[in-house]
Amino acid sequence: MWKPIFADLETNKNLNGNNCSSSVSTFILLGFPYTWEIQILLFSVFFGTYISTLIGNLCIICAIRWDYRLQTPMYILLANFSFLEICYINSTVPSMLANFLSESSTISFSGCFLQFYFFFSMGTTETFFLSVMAFDRYLAICKPLHYPTIMTVQNCCRMGTGCWACGFLCFLLPIYLASQLPFCCANKIDHFLCDPGPLIKLSCEPAPGTEIICAIYNSVLIFSTFLFITSSYTLVIKAVLRVPSAEGQRKAFSTCGSHLAVVSLFYGSIMVVYVSPTAGNPAGMQNIVTLFYSMLTPLFNPLLYSLPNKEMKEALRKLFSSVRFRQNHGKGF
């Protein structure tokens, strides 16, 4: 084997059992235990996905920032969402890429829990942003006369700030419970990031209480926001079906369809892993599903939001034309 981490590295084990004399100071992320050639192939694919995600979401932010016609609550929320996706993918992917090229895929105890906190806080923030974006579409289509007074730019900024604040405050309890568990023997995490499920399994003592609390917390958070989003879009679809104009229906469905596609991708994957107790999912399945919502959904989101949207496509076209003009203008000097 290329990496020494696949040897059975359990130190400080006494003859009577699995108790160790010292606590764990570092964790080993097993990640994707493949041959060196496949590791390089995966690194190339994930690196390309990572760069494409950064560029796609940055283009959306720049287009909304520089096109005054897009200075509306809907697009302000979208710019915040794109910035969130950039932070989201940066919380795990750079370290995962580095581990592909490293002989010892280790992470410190504090670094592990910091990654744990930021990754899941931003995932929680995403559920709140998707809820606010669904509420925005509900008001725009179902309450068009009240929309300008309710969804002002100021209120939109307040809602966005609330999403960020609640997202980073809500996950304090799970991170606290997990950090209080004793880790004194095994330190190999069968994952490419510090996920609560594999972390809880490494505890020296059984922690069914912590595991159940985390499962209940995840279920309440996921299902409450998902129910709010689906209820909002159910009302939107009913309102759209009452529109007499076929063109009006098409425009409304194209806008809401991209939102629903993002919601389906994100919630469909996280429900597989985090709704059920952590002991129920195989490690390989967790890796694949986590990879899907942590890397692929941030990649798809710019495409889903920009391609069906005529205004966004026009803003992106102007942005690219401006960049090309500046490049050619600079070469002239």
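The values are calculated or read from the model by the stated rules, or taken from the named source; none is laboratory data. Only a predicted model underlies this, so the values are computations on that prediction, with no experimental measurement involved. Cβ placement follows ideal geometry from the backbone for every residue including glycine, while neighbour counts extend to all protein chains displayed. Side chains included, ligands, DNA and RNA excluded: accessible areas come from the protein's heavy atoms. Shrake-Rupley method; radii C 1.70, N 1.55, O 1.52, S 1.80 Å.
It is to be established whether one or more residues within segment 280-301 are surrounded by fewer than 20 Cβ atoms within 10 Å (Cβ to Cβ), over 20 Å from the mean Cα position of the chain (by Cα), modelled with pLDDT of 80 or more and in a helix (DSSP H, G or I). Among the residues of segment 280-301, not one is surrounded by fewer than 20 Cβ atoms within 10 Å (Cβ to Cβ), over 20 Å from the mean Cα position of the chain (by Cα), modelled with pLDDT of 80 or more and in a helix (DSSP H, G or I), which makes the answer no. Taking the stated definitions as given, is T72 at pLDDT 80 or above, among the β-branched types (V, I, T) and over 30 Å from S306 (Cβ atoms)? No: the conditions fail for T72. Within segment 67-93, the set of residues being within 15 Å of R317 (Cα to Cα), open to solvent by 10 Å² or more (accessible area, probe 1.4 Å) and in contact with a helix residue (DSSP H, G or I) (Cβ under 8 Å, 6 or more places away or on another chain) comprises just one member, R69. Restricting attention to segment 24-45, the residues that are at pLDDT 85 or above, open to solvent by 20 Å² or more (accessible area, probe 1.4 Å) and within 23 Å of the chain's Cα centre (by Cα) add up to 4.
The residues of segment 98-111 that are surrounded by fewer than 17 Cβ atoms within 10 Å (Cβ to Cβ) and out of contact with any strand residue (DSSP E or B) (no Cβ under 8 Å at 6 or more places or on another chain), listed by number, are A98, L101, S102, E103, S110, G111. Looking at segment 123-136, can you tell me whether even one residue there is assigned to a helix (DSSP H, G or I), out of contact with any Ser or Thr (no Cβ under 7 Å at 6 or more places or on another chain) and under 25 Å from P244 (Cβ atoms)? Yes.
Remark: pairs (first residue in segment 232-245, in a loop (DSSP other than H, G, I, E, B); second residue surrounded by 11 or more Cβ atoms within 10 Å (Cβ to Cβ) and modelled with pLDDT under 85; Cβ separation under 7 Å; 6+ apart in sequence or on different chains) = V243/Q249; V243/A252. Please go through segment 210-263 and give me each residue that is among the hydroxyl-bearing types (S, T, Y), modelled with pLDDT of 85 or more and exposed (fewer than 15 other Cβ atoms within 10 Å of the Cβ), ordered by number. Within segment 210-263, S224, T230, S231, T234 qualify. Suppose the filter is in contact with a strand residue (DSSP E or B) (Cβ under 8 Å, 6 or more places away or on another chain), closer than 24 Å to S269 by Cα, of a type outside the set (K, R) and buried (at least 18 other Cβ atoms within 10 Å of the Cβ); does F171 pass it? It is false that F171 is in contact with a strand residue (DSSP E or B) (Cβ under 8 Å, 6 or more places away or on another chain), closer than 24 Å to S269 by Cα, of a type outside the set (K, R) and buried (at least 18 other Cβ atoms within 10 Å of the Cβ). Going by what's in this entry, would L114 be described as modelled with pLDDT of 90 or more, open to solvent by 20 Å² or more (accessible area, probe 1.4 Å), under 21 Å from D190 (Cβ atoms) and among the aliphatic types (A, V, I, L, M)? So L114 passes the test.
So that you can scan it fast, the table gives a plain yes or no per residue for (1) at pLDDT 90 or above; (2) touching a Phe, Trp or Tyr at 6+ places or on another chain (Cβ under 6 Å):
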| position | (1), (2) |
| --- | --- |
| F83 | yes, no |
| S91 | yes, yes |
| S104 | no, no |
| S108 | no, no |
| M122 | yes, yes |
| F128 | yes, no |
| Y147 | yes, no |
| I150 | yes, no |
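For segment 58-66, does any single residue satisfy the condition of being more than 24 Å from M122 (Cβ to Cβ), crowded, with 17+ Cβ neighbours inside 10 Å and at pLDDT below 90? The answer is no; no qualifying residue exists.
Could you list, in sequence order, all residues of segment 41-65 that are touching an Asp or Glu at 6+ places or on another chain (Cβ under 8 Å) and over 18 Å from E311 (Cβ atoms)? If the condition is that a residue be touching an Asp or Glu at 6+ places or on another chain (Cβ under 8 Å) and over 18 Å from E311 (Cβ atoms), then T53 is the only one that fits.
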